[in-house]
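As structure tokens, the structure follows; a few thoughts come after it.
The values are calculated or read from the model by the stated rules, or taken from the named source; none is laboratory data. Predicted model, so just to flag it, every value in this text is computed and none were measured. Cβ coordinates were reconstructed from backbone atoms using ideal geometry, including for glycine residues, and neighbour counts include every protein chain displayed. SASA here: full protein model, heavy atoms, side chains in, ligands and nucleic acids out. Shrake-Rupley method; radii C 1.70, N 1.55, O 1.52, S 1.80 Å.
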Amino acid sequence: MKQRKFFAWMMCCLLLVSSFSLVGCDDDDDDDNGSHPALLTAVWQYSSAVYEDTYALDSDGAYENVMALLSWEQCEPYTGTWRADDTHIYFTMTYEGFSYTDTTLYELVDDELTISWTVDGEVTSSTTYSLVDEMPTCSDYGF
């Protein structure tokens with residue numbers, strides 16, 4: 001009789017513990033921790049008389065960046081990876097064997113993405129990018 005009572009208590013404890021562990025599983029846990037939000041996955045461009053800066057943020061976490069300095073007729077393409085949370089985009093790039101990560105704040109309003117670059121947690125500059133259809137290449141600028 002004691003064994004049956006002990007077994008019943010163990011089953012109750014097991015059911016109780018398993019119910020707590022199942023509560024932690026939710027279908028929103030399957031989105032790669034929100035690291036590549038669909039709303040950010042697009043081509044974003046800032047354009048002025050001096051330069052154009054374009055980012056293509058891919059859903060697989062890759063990004064391309066083309067910086068065209070129009071006044072100096074210079075263009076540089078960059079590639080790397082990106083991820084985001086609710087307030088930050090993290091761009092990781094390897095250039096000439098050195099890898100670094102830029103941590104930026106962002107705000108997305110309609111078809112405009114404002115990225116604010118930070119140093120030691122302080123905003124140093126902000127740029128507002130517009131949604132565009134295509135990613136330019138350096139050859140598109142003709143120099």
Handout entry: Of all residues making up the stretch 80-136, the number that are within 16 Å of Thr41 (Cβ to Cβ), part of a strand (DSSP E or B) and among the charged types (D, E, K, R)
Key = 2
Fill in the blank from the handout: In the stretch 103-143, anything open to solvent by less than 50 Å² (accessible area, probe 1.4 Å) and touching a Cys at 6+ places or on another chain (Cβ under 8 Å) is listed as Cys138, Tyr141
Completion exercise
Looking across the stretch 61-73 at residues that are more than 20 Å from Leu108 (Cα to Cα) and either of a type in the set (S, T, N, Q) or within 18 Å of the chain's Cα centre (by Cα) (or both), the single one that is most open to solvent (accessible area, probe 1.4 Å) is Ser71
Practice task
Test Thr79 against the stated conditions and say whether it is farther than 15 Å from Pro37 by Cα, within 12 Å of the chain's Cα centre (by Cα) and surrounded by 11 or more Cβ atoms within 10 Å (Cβ to Cβ).
Solution key: no
Practice task
Starting from the stretch 64-85, keep only residues that are touching a residue at least 60 places away in the same chain (Cβ under 8 Å) and acidic (Asp, Glu), then list their pairs with residues that are in a strand (DSSP E or B) and crowded, with 19+ Cβ neighbours inside 10 Å whose Cβ atoms are within a distance under 6 Å, requiring at least 6 positions of separation or different chains.
Solution key: Glu64/Ala56
Exercise for the section: Look through the stretch 90-99, keep the residues that are of a type in the set (Phe, Trp, Tyr) and over 18 Å from Leu57 (Cβ atoms), and return whichever of them is least open to solvent (accessible area, probe 1.4 Å). Expected result: Tyr95
